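Visitor: Would you mind keeping the following structure in view while I ask a few things?
The values are calculated or read from the model by the stated rules, or taken from the named source; none is laboratory data. Every value quoted in this text rests on a predicted model; they were computed, and no experiment measured them. With ideal geometry, Cβ positions are generated from the backbone for all residues, glycine too; neighbour counts draw on all protein chains shown.
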Amino acid sequence: MTGRRTRRHAGGTRRGYVFPLALWTIAIIAVLLGAAYTAMSVANATLARLQDRDAALDDFALAEHTLVTLLLTEPMGLSQLRVGGTLNPDPISGGFGEGGEPVSTTGDPYRVDAPGGPVVVRLVGVNGLISFNDDPGPAAEALLQALGMSRADAERLAARLEDYIDEDDQRRLGGAEAAEYPEGRTPRNAPLATAADACGALGWDEEVSLCADPRLMDLYAFAGAPGVMSGRLAPQYLLHRLLDDETAVERAMDALENRNALVRFSDLGIEGLDTLEDNSALPGPSFLIVTHRPDARYVQLTRIDLTLASLYKPYDIAFTHIVGGSEIEGAFHVEEVGELARLPQTD
């Protein structure tokens, strides 16, 4: 019996494989298209966020410019900028600004209607913050204890800060000089330029909560700026950060109901600063300007140091930071921006 030969297809490929190969090809193309679509969507979302941020920063600059103009042209009262007010020339009453529309120097929010949407702007006299100028040890110790640190740890880190800025190599009790620093790090051996610089002291970056992002330190303390501390000028967000609970904050705010009255940090529940503060001081001449959208996903924090003795340069910008995170949102979020007073402006 003669057998038949099986005929092969010209290409040598069996028919049974054609359809699965086509399905695999389609699946691979679908995966590639899906990945490309996902990448494009992520890129578009990133671009949209960048564009939104750029627009916000333009609006922040507008709000800052408006507030700096007011600082340079309007008289200052005991706790408020007096827009459209007058300066009392009587030396007995202090020559304070009176009348006009008040703008708080303790961080109260105001609205600026900018091209990209509403901006919340706040003015904070650094006098209401914790001073790291001159001899910063006692103020640093008070701040660290208010942040929840034990007295022993606060004393140790305050000593390290003082050793960090002094020019000698004599180590204080609990402090640290060059020999104790790891390779590549040394003490500053000079005064702090900003409060954030304190986070360079040995142990601060690891043990002080605010040093997780050193820029946050500039919200609560100041250095390198003229001015003395005044408890009656403490902003509410500082109290929220340093006091134990909402009840303590409410008691402190009740004590600050009259911002022109004599109020000390100890009256607010913050101990250790009485010998360092001067409640007769007017706000300034250094200020924080805090600008943000109502949701406060991030804020722009700028410190302005007025230098009115110079006609050619009436102010310096010490720093401008963009800071975000849950702490920022919790401190500055505004629920009903339409209910805020507009920032007064002069003609």
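Visitor: Can you pull out every residue in segment 254-263 that is within 24 Å of the chain's Cα centre (by Cα) and modelled with pLDDT under 95?
Guide: Arg259
Visitor: Here are the criteria: (1) at pLDDT below 95; (2) in the same structural domain as Ala146 (by TED's automatic domain parsing); (3) of a type outside the set (Ser, Thr, Tyr). Tell me which single one Asp244 does not satisfy.
Guide: (2)
Visitor: Separate question: In this structure, does Asp295 turn out to be surrounded by fewer than 19 Cβ atoms within 10 Å (Cβ to Cβ) and over 23 Å from Leu144 (Cβ atoms)?
Guide: The answer is yes for Asp295.
Visitor: Continuing with this model, one more query. Here is a list: Val112, Val103, Val68. Which entry is touching a helix residue (DSSP H, G or I) at 6+ places or on another chain (Cβ under 6 Å) and in contact (Cβ under 8 Å) with a residue 24 or more places away in the chain?
Guide: Selected residue: Val112, the only one of Val112, Val103, Val68 that is touching a helix residue (DSSP H, G or I) at 6+ places or on another chain (Cβ under 6 Å) and in contact (Cβ under 8 Å) with a residue 24 or more places away in the chain.
Visitor: Given the options Ala179, Ala159, name the one that is assigned to a helix (DSSP H, G or I) and over 24 Å from Glu271 (Cα atoms).
Guide: None of the other options fit; the residue is Ala179.
Visitor: Hey, among the residues in segment 175-196 that are under 27 Å from Tyr220 (Cβ atoms) and among the small types (Gly, Ala, Ser), which one's surrounded by the fewest Cβ atoms within 10 Å (Cβ to Cβ)?
Guide: Ala190
Visitor: If the requirement is being over 28 Å from Arg251 (Cβ atoms) and surrounded by fewer than 20 Cβ atoms within 10 Å (Cβ to Cβ), which of these qualifies: Arg151, Arg215, Arg160, Arg156?
Guide: Working: Arg151 fails: over 28 Å from Arg251 (Cβ atoms); Arg160 fails: surrounded by fewer than 20 Cβ atoms within 10 Å (Cβ to Cβ); Arg156 fails: surrounded by fewer than 20 Cβ atoms within 10 Å (Cβ to Cβ).
After ruling out the rest, the residue left standing is Arg215.
Visitor: A follow-up question, please. Checking Leu210 against (1) more than 25 Å from Val121 (Cα to Cα); (2) buried (at least 17 other Cβ atoms within 10 Å of the Cβ); (3) not β-branched (Val, Ile, Thr), which test does it fail?
Guide: (1) is the only condition that Leu210 fails.
Visitor: Testing Phe132 on (1) in contact with a Pro (Cβ under 7 Å, 6 or more places away or on another chain); (2) crowded, with 24+ Cβ neighbours inside 10 Å, one condition comes back false. Which one is that?
Guide: Going through (1) in contact with a Pro (Cβ under 7 Å, 6 or more places away or on another chain); (2) crowded, with 24+ Cβ neighbours inside 10 Å one by one, Phe132 breaks only (1).
Visitor: Among the residues of segment 276-296, is there at least one that is charged (D, E, K, R), over 17 Å from Leu67 (Cβ atoms) and over 18 Å from the mean Cα position of the chain (by Cα)?
Guide: Looking for residues that are charged (D, E, K, R), over 17 Å from Leu67 (Cβ atoms) and over 18 Å from the mean Cα position of the chain (by Cα), one finds at least one in segment 276-296, hence yes.
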